[in-house]
Structure formats: C-alpha cells, structure tokens
1. In deg cm²/dmol and to the nearest 500, what is the mean residue ellipticity at 222 nm of the chain if only DSSP H runs of at least 4 residues count, each as -39500 (n - 2.57), divided by the residue total?
2. So if R0 is 45 Å, what FRET efficiency would residue 226 and residue 186 give, r being the distance between their Cβ atoms, rounded to the nearest 0.05?
3. Could you work out the longest stretch of the chain that avoids the GluC sites (Glu not before Pro) located in DSSP loops with at most 12 other Cβ atoms within 10 Å?
4. Roughly speaking, what is the stretch gain from residue 79 to residue 50, that is 0.36 nm per residue apart minus the C-alpha to C-alpha distance, in nm to one decimal?
5. Calculate the spin-label point distance for residue 106 paired with residue 198, positioning each point 7 Å from the Cα along the beta-carbon direction, and give it in nanometres.
6. DSSP H helices in the chain with Cα extent of 24 Å or more along the helix axis and mean Kyte-Doolittle hydropathy at least 0.0?
7. If we restrict to alpha carbons, what Rg and Dmax does segment 57-122 come to, in Å?
8. Considering only protein heavy atoms and a probe of 1.4 Å, how much of the accessible area of the chain is carbon and sulfur, as a whole percent?
Amino acid sequence: MLLQTAQYLVKCAALVARGKKVEGFFVHHLNGDVISSSSPLSSSFRGKKDFFLCPVAQEDLMAARSRGLIQQIAPKVLQSGANKNIHMAEMVRMASAHCSYFMVNAFNTFVKDLPESNIKRVLRRLSDLFALVMIEKELPDFLELGLIHPHEVSQLRLSIYDLLAQIRPDAVALVDSWNFPDFLLRSSLGRYDGDCYEHLYNTVQGRGLNQDHINSFLVQNVSRLILNPRSRL
C-alpha cells in the first residue's frame, strides 16, 4: 500500500512540475508553499512555550515535511524510468510522511469538531501527544528540511513529557474505553478485576515448563557440564 501511495504522489508531483494543480485534500499541499505568512511556523508564536501544542503548527510541520520529501524523491523516481525500484526505500519513506500528515490532520479535525467537555480536553492532549511523538520519531527529516531548528528540540521533548504527565491520570480510563474483554486479551496483567499478580503466578505455574521440578533440558545438557567439567586452559 505504501508503494501504491508513493506512485500516486509521484504522479501528482509530475503534474505540479508541469504547472498543473492537483485536486483533493490528500495532495493539496503540493500546489504551493505550505508555510504561509499567517502560519504559526513563520510568526512570533514560534518562540513560545506552547508552540508545539498548536494544532495548526503540528499540521503545517507534517504537511511541509511531506511536501519536502516529495519534492526531493519524486524527481529521482521519474528520472529512473523503469528502474524505479532502486528508489523503493525512499518511496516508502515519502509515502509514510504523507500518511503521517493525513493521520495528524484527521485526529485534530475530529477533536476540534467535538463539543466542549472533559472528554474533548483529554482527547486534545492525546491528539497533541500523537502528533509530537510522530514528529520526534522522524526528527532528522524535520531538521534536514529546516522545519525545526536544533534549539527547538528540547522544547519539543519537554512538551511531550508535560503531556505524558497530564494524560497519566486518565491512562487507565482511556485503555478501558476500548472495552477489550479478558478472554480476548488473554493477558495475565491486563485484567478487569485488577487481581493481576495472583493470576500471573497461577498462569506461570500452569505452563508446561514448570510442571517438573527440574527442567528436562537442564538434566540432559547442563548437568553433565557441571558434573563433568572440562578445563578450558
């Protein structure tokens, strides 16, 4: 799927290179400069503590990364003709950046359209964390493209740590909201009744390896090395 997405992006880049506009949300950022004069990326807001918590800034960063990689990689793929497979790794990287932009935008849009409530506030933090973790994960791309400055990296990580502290009180509720039953999880630790340690002990005791007091492998292989040691000198 990533390669199919990459081929579509290459076709769109070729159209833009010929002076044509591409239609649709998925590729609209290829038509012009992503970072406009009104973007948080080009304003004084960039130096503020909450810069990375701005949904518009998150989306602009992801869109600019996607566009930058497409502009770098698509021409090489087009020039290679039938030998485009030699750029397969770069095509996957380009498509992944594009999909990341789409996911961040979709999450932010969903949260923005929710009515004001405690749930929205929790999901807003979760959406911010999702976006910032994705940015940190692919930090080399943002640095190479000049989208994030080296001195801003520490602020990015501090924002992530702050979000983790804010989300921690709601972490159990967020996981429980999926309502996965115990029989589906089949986990000794993730239990609905919270009695995880006793269940973990019983589960381990029921494993085949723990049925015998001494494991057969130890008897057959390790014991003879202990009883008949050989000098390695």
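The values are calculated or read from the model by the stated rules, or taken from the named source; none is laboratory data. Predicted model, so just to flag it, every value in this text is computed and none were measured. Positions of Cβ are generated from backbone atoms using ideal geometry, with glycine treated the same way; all protein chains shown enter the neighbour counts. Remember, those area values only see protein heavy atoms, side chains included, never the ligands or the DNA or RNA. Shrake-Rupley method; radii C 1.70, N 1.55, O 1.52, S 1.80 Å.
1. -18000 deg cm²/dmol
2. 0.75
3. After excluding every exposed loop site, the longest remaining stretch is 117-233.
4. 6.2 nm
5. 4.3 nm
6. 88-112, 118-137
7. In order Rg, Dmax, the Cα atoms of segment 57-122 give 16.6, 54 Å.
8. 59 percent
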